[in-house]
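First up is the structure itself, then whatever we jot down about it.
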Amino acid sequence: MNIRTFRTSDQLSVIQLWTDCGLVKPQNNPGKDILRKLSIQPELFLVGCDPEGNIIASIMAGYEGHRGWINYLAVHPSQQRRGYARQLMQDAEDRLMQLGCPKINLQIRDTNRDVIAFYRAIGYLQDPVISLGKRLEHD
């Protein structure tokens, strides 16, 4: 898999990937999420492509000066269990380390056991925290 930064021409393919992976939820507008990411650290929005150039994976990383964050890690269901998610995570971790990021946080729905197991397998641990959120925009 070849990893490169997201291009605006990738939008439809990435949204389809996220849909195929079950990441698109009613409260999240993927088109708006992409536009927001392109305005802040677009170099940390990565896609993985197969040898023909088709997008088969994605990851959004970010660093706000205190912690790094990971969102939208996705590998197409037909391409899973080949090490692509690990490869994307390693690339994102490397980029965040180059920015001086000391720690990465991420959020996973507590029902997503397979993804929790994946992150644990690559060294992520559950922090003793409660995640809170407040929706500022209502679609």
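What the table shows:
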{"item": "Some residue of region 78-91 being among the hydrophobic types (A, V, I, L, M, F, W, C), in contact with an Asp or Glu (Cβ under 8 Å, 6 or more places away or on another chain) and modelled with pLDDT of 95 or more", "result": "no"}
{"item": "Count of residues meeting criterion [in a loop (DSSP other than H, G, I, E, B), surrounded by 10 or more Cβ atoms within 10 Å (Cβ to Cβ) and modelled with pLDDT of 95 or more] in region 92-139", "result": "5"}
{"item": "Residues located in region 27-44, provided they are part of a helix (DSSP H, G or I) and either surrounded by fewer than 16 Cβ atoms within 10 Å (Cβ to Cβ) or in contact with a Lys or Arg (Cβ under 7 Å, 6 or more places away or on another chain) (or both)", "result": "31, 32, 35, 36, 38, 39, 42, 43, 44"}
{"item": "Pick from region 61-86, criterion over 12 Å from the mean Cα position of the chain (by Cα) and polar (S, T, N, Q), ranking: nearest to residue 125 (Cα to Cα)", "result": "80"}
{"item": "Residue satisfying all of: in region 1-14; of a type outside the set (S, T, N, Q) and under 13 Å from residue 45 (Cβ atoms); surrounded by the most Cβ atoms within 10 Å (Cβ to Cβ) among these", "result": "14"}
{"item": "Qualifying position, being surrounded by 14 or more Cβ atoms within 10 Å (Cβ to Cβ) and in contact with an Asp or Glu (Cβ under 8 Å, 6 or more places away or on another chain), among 47, 75, 24", "result": "47"}
{"item": "Residue check for residue 4: assigned to a loop (DSSP other than H, G, I, E, B) and either in contact (Cβ under 8 Å) with a residue 24 or more places away in the chain or over 12 Å from the mean Cα position of the chain (by Cα) (or both)", "result": "no"}
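The values are calculated or read from the model by the stated rules, or taken from the named source; none is laboratory data. Given the structure is predicted, the values throughout are model-derived calculations rather than measurements. Quick reminder, even Gly has a Cβ in these numbers, built from the backbone with ideal geometry, and neighbours come from all protein chains shown.
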